[in-house]
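S.K.: Handing you this structure, nothing more for now.
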Amino acid sequence: MPMIEVQDLHKTYGARKAVDGVSLTVEEGEIFGILGPNGAGKTTTVECVAGLRRPDTGTVRVAGLDPVTAHHDVTRLLGVQLQQSELQPKLTVAEALDLYASFYSRPADGRALAERLGLTEQLGTRFAKLSGGQRQRLSVALALLGNPRAVVLDELTTGLDPRGRRDTWALVEDIRAGGVTVLLVTHVMEEAQRLCDRIAVIDRGRVTAVDTPGGLIDRAAASRTVSFAAETPLDRADLLALPGVTGVVTRDGRTLVTGTDATVDAFVQLLARRAVTARGLRVLDATLDDAYLDLTGADRS
């Protein structure tokens, strides 16, 4: 049985379709990422998974349970860190940890979580006095206090500095190593590529692709870019005629040819035929950013 299963999920607010037929399956023990533009339906989808919103149509199951009708049982299985959450302003970090720990029969060690997330010095600080990044780290700690079998993390590194971001990534990897399934919503491509076993790209309320990070990158229209400066200029028409080529751009004395592995092979042969020396020749792989832009139709300008 999958840990999380969403089938043909629909959710509408007034005339706007926030989620329009989303289906995805998260296997036990994996880190599953969701990528998409703002307003694509990512947060609504995970809120339905957490039982915080009732789907208009479609089904959602967490370990086989309906998050709405079996909400109490699901809260024992699923930890949730939302993109925006608030606590009582005068509540200190330590009090928040103790309060949430009291909800569970066998809670995690709140002080250990605080230390792992860099909150030890803020244990006596009231929620109202925490920075945005500190509030985000506290939200992650609260999501993990119940020793959940699965956890939803929505933009978990928003507001964190590079050190805090990498420390949090290491924590997520530790969580998965302990057998916890992670559903991760993020805008950070580096985060998705490092952490996720598989990624669903959601655009305009629909899933446009589900694959491993490497699989998504391989789908990019231009999987390779050749960057070079030639002592003898190559004819642009010859470059555009290379197999698999998707674009040729010259800037600051360097030419960039985007295409595939076949483009790279043919380009090297073209250099040999023309007896041209290419200075600073580099072959660059496509990135998750490239795949994301292709799949969401985002503006590249």
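S.K.: For region 204-301, which strands (runs of 3 or more DSSP E) that fit wholly inside it have 2 or more residues that are under 28 Å from Val46 (Cα atoms) and in contact with a Ser or Thr (Cβ under 8 Å, 6 or more places away or on another chain)? Can you show your working first?
M.R.: Details: elements: 206-211, 224-230, 247-251, 254-259, 278-285.
Because the criterion is at least 2 residues that are under 28 Å from Val46 (Cα atoms) and in contact with a Ser or Thr (Cβ under 8 Å, 6 or more places away or on another chain), the strands (runs of 3 or more DSSP E) in region 204-301 that meet it are 206-211.
S.K.: Report yes if Ile175 is in contact (Cβ under 8 Å) with a residue 12 or more places away in the chain, out of contact with any Ser or Thr (no Cβ under 8 Å at 6 or more places or on another chain) and assigned to a helix (DSSP H, G or I), otherwise no.
M.R.: Details: in contact (Cβ under 8 Å) with a residue 12 or more places away in the chain: yes; out of contact with any Ser or Thr (no Cβ under 8 Å at 6 or more places or on another chain): yes; assigned to a helix (DSSP H, G or I): yes.
Considered against the rule, which asks whether it is in contact (Cβ under 8 Å) with a residue 12 or more places away in the chain, out of contact with any Ser or Thr (no Cβ under 8 Å at 6 or more places or on another chain) and assigned to a helix (DSSP H, G or I), Ile175 comes out as yes.
S.K.: The conditions are (1) in contact with a strand residue (DSSP E or B) (Cβ under 8 Å, 6 or more places away or on another chain); (2) farther than 30 Å from Leu216 by Cα, and Thr69 fails exactly one of them. Which is it?
M.R.: All conditions are met except number (1).
S.K.: Considering only region 46-97, state which residues are in a strand (DSSP E or B) and under 27 Å from the mean Cα position of the chain (by Cα). Give the derivation first.
M.R.: As a first pass, look at region 46-97 and keep what is in a strand (DSSP E or B): 57-62, 65, 78-81, 92.
Within region 46-97, Thr57, Gly58, Thr59, Val60, Arg61, Val62, Leu65, Leu78, Gly79, Val80, Gln81 meet the criteria.
S.K.: Same structure, new question: Here are some conditions: (1) at pLDDT below 90; (2) of a type in the set (S, T, N, Q); (3) touching a Pro at 6+ places or on another chain (Cβ under 9 Å). Gln193 meets all but one. Which one does it not meet?
M.R.: (1)
S.K.: Going by the conditions given, is Val182 of a type in the set (A, V, I, L, M, F, W, C), assigned to a strand (DSSP E or B), in the same structural domain as Val74 (by TED's automatic domain parsing) and in contact with a Lys or Arg (Cβ under 7 Å, 6 or more places away or on another chain)? Explain how you work it out, then say what you get.
M.R.: Values: of a type in the set (A, V, I, L, M, F, W, C): yes; assigned to a strand (DSSP E or B): yes; in the same structural domain as Val74 (by TED's automatic domain parsing): yes; in contact with a Lys or Arg (Cβ under 7 Å, 6 or more places away or on another chain): yes.
Spelling it out, Val182 is indeed of a type in the set (A, V, I, L, M, F, W, C), assigned to a strand (DSSP E or B), in the same structural domain as Val74 (by TED's automatic domain parsing) and in contact with a Lys or Arg (Cβ under 7 Å, 6 or more places away or on another chain).
S.K.: Would region 79-87 turn up any residue that is in the same structural domain as Ser102 (by TED's automatic domain parsing), β-branched (Val, Ile, Thr) and either closer than 16 Å to Ala200 by Cα or surrounded by fewer than 21 Cβ atoms within 10 Å (Cβ to Cβ) (or both)?
M.R.: Step one: of region 79-87, the residues in the same structural domain as Ser102 (by TED's automatic domain parsing) are 79-87.
Right, trim to β-branched (Val, Ile, Thr) and you get 80.
Now restrict to residues that are either closer than 16 Å to Ala200 by Cα or surrounded by fewer than 21 Cβ atoms within 10 Å (Cβ to Cβ) (or both): none.
Checked region 79-87: no residue is in the same structural domain as Ser102 (by TED's automatic domain parsing), β-branched (Val, Ile, Thr) and either closer than 16 Å to Ala200 by Cα or surrounded by fewer than 21 Cβ atoms within 10 Å (Cβ to Cβ) (or both).
S.K.: Just a yes or no: is a residue in region 129-148 surrounded by fewer than 16 Cβ atoms within 10 Å (Cβ to Cβ), part of a helix (DSSP H, G or I), modelled with pLDDT of 90 or more and of a type in the set (Gly, Ala, Ser)?
M.R.: no
S.K.: Given (1) within 30 Å of Leu24 (Cβ to Cβ); (2) without any contact (Cβ under 8 Å) to a residue 24 or more places away in the chain; (3) not assigned by TED's automatic domain parsing to the domain that holds Lys17, where does Thr260 come up short, assuming only one miss?
M.R.: It fails just one condition, (2).
S.K.: Please determine whether any residue of region 45-52 is on the phi > 0 side of the Ramachandran plot and touching a residue at least 40 places away in the same chain (Cβ under 8 Å). Walk me through how you get there before you give the answer.
M.R.: If we filter region 45-52 for residues that are on the phi > 0 side of the Ramachandran plot, which is where we start, we get 51.
Then drop every residue that is not touching a residue at least 40 places away in the same chain (Cβ under 8 Å), which leaves none.
No, region 45-52 contains no residue that is on the phi > 0 side of the Ramachandran plot and touching a residue at least 40 places away in the same chain (Cβ under 8 Å).
S.K.: Of everything in region 98-122, what is in a loop (DSSP other than H, G, I, E, B), in contact with a helix residue (DSSP H, G or I) (Cβ under 8 Å, 6 or more places away or on another chain) and farther than 21 Å from Gly133 by Cβ? Give them in sequence order. Let's see the steps before the verdict.
M.R.: Going through region 98-122, the residues in a loop (DSSP other than H, G, I, E, B) turn out to be 102-109, 117-119.
Narrowing further to those that are in contact with a helix residue (DSSP H, G or I) (Cβ under 8 Å, 6 or more places away or on another chain): 104, 107-108, 117-119.
Result: Tyr104, Pro107, Ala108.
S.K.: Is it the case, given these coordinates, that Asp154 is of a type outside the set (A, V, I, L, M), in the same structural domain as Gly36 (by TED's automatic domain parsing) and farther than 21 Å from Leu35 by Cβ? Talk me through it step by step, then tell me what you get.
M.R.: On the way: of a type outside the set (A, V, I, L, M): yes; in the same structural domain as Gly36 (by TED's automatic domain parsing): yes; farther than 21 Å from Leu35 by Cβ: no.
Taking the combined requirement at face value, the residue does not satisfy it.
The values are calculated or read from the model by the stated rules, or taken from the named source; none is laboratory data. It should be emphasised that the depicted structure is a prediction, and the values quoted were computed from it without experimental measurement. Please note: Cβ atoms are built from the backbone with ideal geometry, for glycine as well, and neighbour counts cover all protein chains shown.
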